[in-house]
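Below is one structure, written out as structure tokens; the observations come after it.
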Amino acid sequence: MTLLDADDTIVAIASPTSPAPRGVVRMSGNETLNILQLMGVPSAEIRTPRRLATHVELGSPLGKIPVDAMVWPTHRSYTGQPSAELHTYGSLPLLRELVDKAGRCGARPARPGEYTMRAFLAGRLDLTQAEAVLGVIEAEQRGTLDHALRQLSGNLSQPLERMRSTLLDLLADVEAGLDFVDEDISFISDKDILDRLSTIAVELEQTLRLMQNRGGGSARITVALCGPPNAGKSCLINRLADQQVAIVAPIAGTTRDTVTVDVELQGNHLTLVDTAGIEEAETEVSLQSQAQARRSTSESRVRLWCVDSTSDEFAANATELKELAKRTRKPQTIDLWIATKTDAAINSTPTSDPNLPWIQCSALNGDGIDRLKKSICENLKQHDAEEIGSVVGTAARCSQSLHQAIAAIHQAIQLTAHQEGHEFVSAELRTVAQCLGEVTGTVYTDDILDRVFGRFCIGK
Ligand SMILES: Nc1nc2c(ncn2[C@@H]2O[C@H](COP(=O)(O)OP(=O)(O)OP(=O)(O)O)[C@@H](O)[C@H]2O)c(=O)[nH]1
Ligand SMILES: [Mg+2]
């Protein structure tokens, strides 16, 4: 993709290629209005954004088809160019005919991501936001979608731009001094440089970490059910999945292999994992199933720690599990505490540890199950809201630039600390500014644009 043909008028089908009641053909470029006019859409006189109910003649055998044309006649549009959308029946052959007709009237077929690239070139979006558009299109679950939307609203580029701006101020101060080196005038002290650099370094490292956390963000979220044997884990997974996926029996040690099932809870695509009850392994089979259970427990994003509320050992089990949870939790882990079988609890459920907010439920009669589902979703949402994060593509593209920026900033810190001369410091700062600019797209090359927009589908 080169920037030179950003003035051509482009056309493409913008709706999914699967059958749908409505389909959309999108056009962008300076010739949009003329091309529409040639297609029979009376647009020559349009001066402000307008919706027209009209027809386009596609010739025999299709004839005249009704089209809703949305027209943006000036640069005040998504792409920063005159543009239009033709909405009609969602039939793919018909939409292709419409594109062909636009082609015969002077438009050329759009390449992947070309609309979003034009929005970027027009300054409507920065590069991380352009990638967020792709993130929104590709999002399969609520959390990923929320991330993409936050990135689209600038939550990643704004802090990076702020850091870059702080850095450019610093660079200006350092370079101002270079002209007066002979007179021994300094505009900024080494201590001041070090303080400002350290602050940016910390922020950059944090941004990189958060970005990488999100690296696997498109994978399904796993929710493990764990706890002692006979706690009611298998019964609970069946209830949550609304189907019989795991064997339930009164014998402790029923579940050996982990059992998984995919479910959707309020827009979250989750994989539930039933695990073997935690116990001392005495046989080879038990050794293996305990190892599997441990792996699932430590790798899962959400852990439902199940404790039998009818058991005399409730308190002891809870204490033990709490220790285990603490030892195995990662920064992203969500631990929820489930008191099971409440339908059969004789007294009110013992909740011996006031630090653990127990969710009381019965897989048998369904009590508390909705509360549990809600709690899983709310916790996921709250955790996601706390992350800056980025869409997966941005993380992959930008990690290298951020690594380079961090290396250069540390180099600048070393040079300053050893009083090596501000001209060397300024060269490193320029590298940092360049790398940060590449992330947001303030500094870009055809190659970067190819990498970003080449992953889009045509019509976006
Ligand atoms: N009353 C009542 N009994 C339950 C409930 N949930 C499970 N049970 C019973 O508890 C016993 C054990 O249930 P499971 O779901 O197999 O327990 P588990 O935790 O998977 O056990 P392991 O696979 O051995 O680790 C079975 O007899 C279930 O019928 C519940 O909510 N209420
Ligand atoms: Mg089981």
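Couple of notes before you dig in:
- Conditions (1) crowded, with 19+ Cβ neighbours inside 10 Å; (2) in the same structural domain as residue 313 (by TED's automatic domain parsing): number failed by residue 204: (2)
- Some residue of region 272-279 being within 14 Å of ligand 2 (Cβ to nearest atom) and either surrounded by fewer than 16 Cβ atoms within 10 Å (Cβ to Cβ) or not assigned by TED's automatic domain parsing to the domain that holds residue 366 (or both): yes
- Across region 280-306, the number of residues qualifying as hydrophobic (A, V, I, L, M, F, W, C) and either within 14 Å of ligand 2 (Cβ to nearest atom) or not assigned by TED's automatic domain parsing to the domain that holds residue 361 (or both) comes to 3.
- Meets criteria (among the hydroxyl-bearing types (Ser, Thr, Tyr) and at pLDDT below 95) for residue 79: yes
- Every condition in (1) among the hydrophobic types (A, V, I, L, M, F, W, C); (2) in contact with a helix residue (DSSP H, G or I) (Cβ under 8 Å, 6 or more places away or on another chain); (3) modelled with pLDDT under 95; (4) in a helix (DSSP H, G or I) holds for residue 35 except the one numbered (3).
- All helices (runs of 4 or more DSSP H) inside region 77-156 with 3 or more residues being under 11 Å from the mean Cα position of the chain (by Cα) and not small (Gly, Ala, Ser): 127-138, 142-152
- Of the residues making up region 195-240, those that are touching a strand residue (DSSP E or B) at 6+ places or on another chain (Cβ under 9 Å), assigned to a loop (DSSP other than H, G, I, E, B) and at pLDDT 90 or above are 227, 228, 230, 231, 232.
- Scanning region 262-279 for residues that are outside any strand (DSSP E or B) and at pLDDT 90 or above returns 275, 276, 277, 278, 279.
The values are calculated or read from the model by the stated rules, or taken from the named source; none is laboratory data. Just so it is clear, the structure is predicted and the values come from calculations on it, not from any experiment. Every residue, glycine among them, receives a Cβ derived from its backbone with ideal geometry; neighbour counts consider all protein chains shown.
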